[in-house]
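Since the structure comes first, as C-alpha cells, the remarks are kept for the end.
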Amino acid sequence: MIGEFTQKFFELSIPGPVIGLVLLLLTLLILKKVKFKMNVLDKDLFNSAENLLNYLPLLFIPVGVGVVMHLSFLEDNLVSVLLVIILGTLLTLGITGFIMEKILTKTKSND
C-alpha cells in the first residue's frame, strides 16, 4: 500500500507494487546494517512470507484475463512478444545465476 501511495502521490510511471518491493528491500537492508533484533523480524517475516505464498496463485488470474482480453494484439505481434519473453527469460536466468554465484562465493568465504 505504501508503494501504491508513493506511485499515486508522485505520479510515477513505475507500478506501485514494484515501488513497495524496493522500499521493503531497502528497509530490510537498513535494519540489517543497524543490527536490529533480527530474531523477531525473521520470525515475523517468515510468517508473512508463508501467508503470502498461500495466495500466490491468485496473482496469476489478472494476467490470464489480460492475455485473453488482448488476444488479437498478441496475434498481430506474436514474433515480437515471443522474442521479448525469450530474451527476458534468458536475461533473468543469467542475472539470477550471477547473483547466486556471488552470494555463494561470499558465504563460502565467510565460513
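With no solvent and one point on each alpha carbon, what is the Debye value of log10 I(q)/I(0) for region 65-111 at q = 0.20, 0.30, 0.34 Å⁻¹?
Normalising to I(0) and taking log10 leaves -0.72, -0.97, -1.05.
For the charge dipole of the chain, defined by +1 on Lys and Arg C-beta atoms and -1 on Asp and Glu C-beta atoms about the Cα centroid, which residue among Ser13, Ile95, Leu74 has the Cα displaced farthest towards the positive pole?
Of the options given, the answer is Ile95.
What distance in nm lies between label points placed 7 Å from Cα along the C-beta direction at Leu74 and Lys108?
4.2 nm
Write out the GluC sites (Glu not before Pro) in region 6-90 meeting two conditions: DSSP loop, and at most 11 other Cβ atoms within 10 Å of their Cβ.
For GluC sites (Glu not before Pro) across region 6-90 that sit outside H, G, I, E and B with at most 11 neighbouring Cβ atoms in 10 Å, the list reads Glu11.
Run the reach check for Lys43 against lysines, Cα to Cα strictly under 21 Å, same-chain hits fewer than 8 apart removed. What comes back?
Of all the lysines, those that pass the test against Lys43 - Cα under 21 Å, at least 8 places apart if same chain - are Lys32, Lys33, Lys35.
Counting only Cα, what are the radius of gyration and maximum Cα-Cα distance Dmax of region 1-54, in Å?
For region 1-54, the Cα radius of gyration and maximum Cα-Cα distance read 13.3, 37 Å.
Can you list the trypsin sites (Lys or Arg not before Pro) in region 1-100 that are in a DSSP coil and have 16 or fewer other beta carbons within 10 angstrom?
Lys35, Lys37
Please give the contour-minus-distance gain from Val63 to Glu11: 0.36 nm per residue of separation, less the Cα-Cα distance, rounded to one decimal in nm.
Stretched out fully, the Val63 to Glu11 stretch lengthens by 16.4 nm.
For region 1-54, with the dipole built from +1 on Lys and Arg beta-carbon atoms and -1 on Asp and Glu ones, taken about the Cα centre, which of Ile30, Asn47, Met1 lies farthest toward the positive end?
After comparing all options, I get Ile30.
With axes computed from alpha carbons, what is the tilt in degrees of helix 78-110 against the longest principal axis of the chain, rounded to the nearest 10 within 0 to 90?
Between the helix axis and the principal axis of the chain, the angle is about 10 degrees.
Cα-Cα pairs above 18 Å in the chain: how many percent?
75 percent
With +1 assigned to the C-beta of every Lys and Arg and -1 to the C-beta of every Asp and Glu, and no other charges, what is the dipole magnitude of the chain about the Cα centre in debye, to the nearest 20?
Taking the Cα centre of the chain as origin, the dipole is about 700 debye.
Laboratory data are not the source of any read-out in this text; all were calculated from the coordinates shown. Quick caveat: nothing in here was measured; it's all calculated off a predicted structure. In this analysis, Cβ positions are derived from the backbone assuming ideal geometry, glycine residues included, and neighbour counts consider all displayed protein chains.
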